[in-house]
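J.: A single structure is presented below for examination.
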Amino acid sequence: MGKDSKSAGKGKAKAAGGSDDAGSKGKAKGGKSDGLGTCTYVKARHVLCEKQGKINEAYKKLQDGWLSNGDKVPPAEFAKIAAEYSECPSGKKGGDLGWFPRGKMAGPFQEVAFNTPVGVTSAPFKSTHGYHIILSEGRKN
């Protein structure tokens, strides 16, 4: 009889785990439709470099400081990297692009900007202008 009660306990734990998984999957799907792909405006900072080596160097600084610890990069710190590395005129303003609507930025840039969750720093990527890293600061419709 002792064995039966143990296996019943295991069965219950599995069932509970299963329902938790389903719940979190549902939340993730709901979260996506609420924010990521559907907002109209994004507020972002970025670093733009012509050469891949330079953007990788900038990204490594962000990784060493925050990303490797799983931390989000504070906008002020991202701004320092942008001021140091970015070849875009926005670099003087810490890479701040302000709010921009869907359709204003070049394809790959827009895609990354609108799909990076708020507070998250993107991995380096290439657009028609060069290599970028984006820090998403906000979204609104």
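The values are calculated or read from the model by the stated rules, or taken from the named source; none is laboratory data. Owing to the predicted nature of the structure, the values given are computational and were not obtained by experimental measurement. Note that we place each Cβ from the backbone using ideal geometry, even for glycine, and neighbour counts take in every protein chain shown. The accessibility values were calculated without ligands, DNA or RNA, using every heavy atom of the protein model including side chains. Shrake-Rupley method; radii C 1.70, N 1.55, O 1.52, S 1.80 Å.
J.: Working only within the stretch 75-96, note down all residues that are open to solvent by 50 Å² or more (accessible area, probe 1.4 Å) and either among the hydrophobic types (A, V, I, L, M, F, W, C) or under 19 Å from ARG139 (Cα atoms) (or both).
T.: Once the filter is applied, which keeps residues that are open to solvent by 50 Å² or more (accessible area, probe 1.4 Å) and either among the hydrophobic types (A, V, I, L, M, F, W, C) or under 19 Å from ARG139 (Cα atoms) (or both), the stretch 75-96 yields PRO75, ALA76, ALA83.
J.: I would also like to ask the following. How about the stretch 36-45: which of its residues are open to solvent by less than 10 Å² (accessible area, probe 1.4 Å) and outside any loop (DSSP other than H, G, I, E, B)?
T.: Those that are open to solvent by less than 10 Å² (accessible area, probe 1.4 Å) and outside any loop (DSSP other than H, G, I, E, B): VAL42, ALA44.
J.: Suppose we keep only residues that are touching a Leu at 6+ places or on another chain (Cβ under 9 Å) and part of a loop (DSSP other than H, G, I, E, B) within the stretch 103-132. Which one would you say is surrounded by the most Cβ atoms within 10 Å (Cβ to Cβ)?
T.: Here the answer is MET105.
J.: Another one. In the set ALA83, ALA79, which member is touching a residue at least 24 places away in the same chain (Cβ under 8 Å) and touching a Gly at 6+ places or on another chain (Cβ under 9 Å)?
T.: Every option except ALA79 fails the conditions.
J.: For residues that are buried (at least 17 other Cβ atoms within 10 Å of the Cβ) and not in a loop (DSSP other than H, G, I, E, B), scanning just the stretch 62-74, find the one that is nearest to the chain's Cα centre (by Cα).
T.: Restricting to residues being buried (at least 17 other Cβ atoms within 10 Å of the Cβ) and not in a loop (DSSP other than H, G, I, E, B), the top hit is LEU67.
J.: Being under 20 Å from SER127 (Cβ atoms), in contact with a Pro (Cβ under 9 Å, 6 or more places away or on another chain) and not charged (D, E, K, R) is true for just one of TYR85, TYR59. Which residue is that?
T.: Only one candidate qualifies: TYR59.
J.: Also, quick follow-up: Out of curiosity, is LYS51 at pLDDT 90 or above, closer than 25 Å to SER127 by Cβ and open to solvent by 50 Å² or more (accessible area, probe 1.4 Å)?
T.: Yes; evaluated as a whole, the condition is true for this residue.
J.: Mind telling me which of the residues LYS93, LYS126 ends up being modelled with pLDDT of 95 or more and over 17 Å from the mean Cα position of the chain (by Cα)?
T.: Being modelled with pLDDT of 95 or more and over 17 Å from the mean Cα position of the chain (by Cα) holds for just one of LYS93, LYS126, which is LYS93.
Residues are listed down the side, and each one gets a yes or a no for (1) touching an Asp or Glu at 6+ places or on another chain (Cβ under 6 Å); (2) of a type outside the set (Val, Ile, Thr); (3) at negative phi:
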{"residue": "ARG45", "(1), (2), (3)": "yes, yes, yes"}
{"residue": "GLN52", "(1), (2), (3)": "no, yes, yes"}
{"residue": "LYS60", "(1), (2), (3)": "no, yes, yes"}
{"residue": "GLY70", "(1), (2), (3)": "no, yes, no"}
{"residue": "ASP96", "(1), (2), (3)": "no, yes, yes"}
{"residue": "PRO108", "(1), (2), (3)": "no, yes, yes"}
{"residue": "ILE133", "(1), (2), (3)": "no, no, yes"}
